[in-house]
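A short write-up of the structure that comes next.
The values are calculated or read from the model by the stated rules, or taken from the named source; none is laboratory data. Just so it is clear, the structure is predicted and the values come from calculations on it, not from any experiment. Every residue, glycine among them, receives a Cβ derived from its backbone with ideal geometry; neighbour counts consider all protein chains shown. In case anyone asks, the SASA skips ligands and DNA or RNA and just uses the protein heavy atoms, side chains included. Shrake-Rupley method; radii C 1.70, N 1.55, O 1.52, S 1.80 Å.
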Amino acid sequence: MSKKRLFGTFGIRRIANEEMTPEFASRLAASYGTLVQGTVAIGGDTRTTTPMLKNGIAAGLLSSGCDVVDLGILPTPAIQYAVRNYYDGGIIVTASHNPPEYNGLKFVDEDGIGTRDDMEIKIEDIFFDGEPKRASWNEIGKFYTNNTIINEYITEAIKGVDIEAIKDAKLKVVVDTGSGAGSYTAPYLLRKLGCDVTTINCQADGHFPGRDPEPIEENLQDLISTVKELNADIGLAHDGDADRTICIDELGNFVLGDKTFTLVEKAMLKENNGGTIVTTVATSTAIYDIAEEYNGEVIATAVGDLLVARKLKETNGLFGGEENGGLIFPDFVYGRDAAMTVCKILEIMAKEKKPLSQLVGELPVYHTVKMKTHCPDDQKENVMTKIAEEIKNTTDYTLDTTDGVKILKDDGWVIIRPSGTEPIFRCFAETDNIEKSKEMTEWGISLVNKYLE
Ligand code: MG
């Protein structure tokens, strides 16, 4: 298969109106529309450039003969939900957690999962080397709007949990949607669940005046202090397109995505008497511990939420996700979903009648250390092969080459992965002890350096 020229792991992101212009978006959408030839849903996040690009893709799709349904401003998973249930494809205008000057396009197929590599290469071939279909005047697509999806998405997410239990718990929640697409869903969802809701940055604004759209700890200081000040039960934050959820416990501690994953995994396995859990090779051993305890089976894919989503579909899996707070509930949306994650976490707190810090404290404890090291792009393949050869010939370790090189020892693991965008290797280790994790990460880095030429 030839190499992708435009697409990254999920769509294309560029500086808006420099590279990501309406003309660029329109031609790409027409190339996609040439292949889909059906009804395509479009929508996007709160960025200042979203309406400009959305109109560009609508024009391209109509020109190729597709019908277009504009769903408005809404979270990425709400569009994926809509496409899976009603449409033949979708294009989402969003740059997720990237800074405000960026925007992007995420393409999804008819089951709502991001498009496959082979489809992306076909789109690129038409975009660069071919010509998108030009429908004649009497075959031009029709344009509709549908603004009922947001409500349906919220209602259906809530149906997946015990609403009465959550209502009875009368949880005090502070929510920070970072002025992103979650501003149209999260506060309303929480009120429907009977929570006492305080909002921060829940006014939709593409300038992102309150905080950067990426929900990392340093960007969530206002949320953390508000949770403490109000004695709230939980703080919730989303990224710009509201597919990821980050939790702050009642003491103001940032809860790592691995912990949220494990907490929800435990509840899902208990409720369903076991099931298949899909995650990536980069998530915590805690996920395996919980699976073992509650009759679950873990399948690990290479890093990437689309790979997890596809594996969940293929295996009829129960639940999946990544370590960054992106959790996937395959019965609802084949992609990372923030609304269902919020519902599930609140349900766990309500049913267990325990504060979030305690629930997290009951999970298995592991420590991760991350480092990176320089390596020219043209040496990456060779370095990985050499490391894998060395490990294969050692009886003390197990080798996993699903993604990069993962070396498993009795008391932990280290993963060495080449970056797809920078001349570096990322290396991180996890064990039950922070010093040991540091040692293992350094060992991983030394293996890379050993085989550098
Ligand atoms: Mg996102």
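A few notes on this one:
- Helices (runs of 4 or more DSSP H) fully within the range 106-186 counting 1 or more residues that are open to solvent by 80 Å² or more (accessible area, probe 1.4 Å), modelled with pLDDT under 95 and among the hydrophobic types (A, V, I, L, M, F, W, C): none
- Residue selected from the range 321-338 under the condition under 19 Å from Pro215 (Cα atoms) and open to solvent by 10 Å² or more (accessible area, probe 1.4 Å), by the criterion modelled with the highest pLDDT: Arg336
- Within the range 190-246, the residues that satisfy the criterion of being away from the ligand (no atom under 16 Å from the Cβ), part of a strand (DSSP E or B) and within 21 Å of Arg336 (Cβ to Cβ) are Ile234, Gly235.
- Output for the range 264-280, where each listed residue is open to solvent by 10 Å² or more (accessible area, probe 1.4 Å), part of a helix (DSSP H, G or I) and in contact with a Leu (Cβ under 7 Å, 6 or more places away or on another chain): Met268, Asn272
- The number of residues in the range 11-44 that are under 22 Å from the mean Cα position of the chain (by Cα) and basic (Lys, Arg) comes to 2.
- In the range 63-83, residue surrounded by the fewest Cβ atoms within 10 Å (Cβ to Cβ) [restricted to those that are part of a loop (DSSP other than H, G, I, E, B) and within 16 Å of the ligand (Cβ to nearest atom)]: Leu74
- Checked against the criteria, Leu318 does not count as open to solvent by less than 20 Å² (accessible area, probe 1.4 Å), under 22 Å from the mean Cα position of the chain (by Cα) and either within 16 Å of the ligand (Cβ to nearest atom) or at pLDDT 95 or above (or both).
- Scope the range 286-308; condition outside any loop (DSSP other than H, G, I, E, B) and within 15 Å of the chain's Cα centre (by Cα); matching residues: Thr301, Asp305, Leu306, Leu307, Val308
- When each of Asp239, Asp249 is tested for being buried (at least 24 other Cβ atoms within 10 Å of the Cβ), in contact (Cβ under 8 Å) with a residue 12 or more places away in the chain and of a type in the set (Asp, Glu), the lone residue that passes is Asp239.
- Taking the criterion of being more than 10 Å from the ligand (Cβ to nearest atom) and modelled with pLDDT of 95 or more, the residues of the range 93-103 that qualify are Val93, Pro100, Glu101, Tyr102, Asn103.
- Criterion applied to Lys344, Lys353 was being open to solvent by 20 Å² or more (accessible area, probe 1.4 Å) and either over 29 Å from Asp400 (Cβ atoms) or modelled with pLDDT of 95 or more (or both), and the one residue passing it is Lys353.
- Set side by side, the residues Gly60, Gly90, Gly33 differ, and just one is within 16 Å of the ligand (Cβ to nearest atom), buried (at least 24 other Cβ atoms within 10 Å of the Cβ) and not hydrophobic (A, V, I, L, M, F, W, C), which is Gly90.
- Qualifying residue in the range 66-85 (condition: free of Cβ contacts under 8 Å to residues at least 60 places away in the same chain and hydroxyl-bearing (Ser, Thr, Tyr)): no
- Condition met for Leu223 (within 22 Å of Ile79 (Cβ to Cβ) and either small (Gly, Ala, Ser) or within 22 Å of the chain's Cα centre (by Cα) (or both)): no
- Thr283 vs. criteria open to solvent by less than 10 Å² (accessible area, probe 1.4 Å), part of a loop (DSSP other than H, G, I, E, B) and in contact (Cβ under 8 Å) with a residue 24 or more places away in the chain: yes
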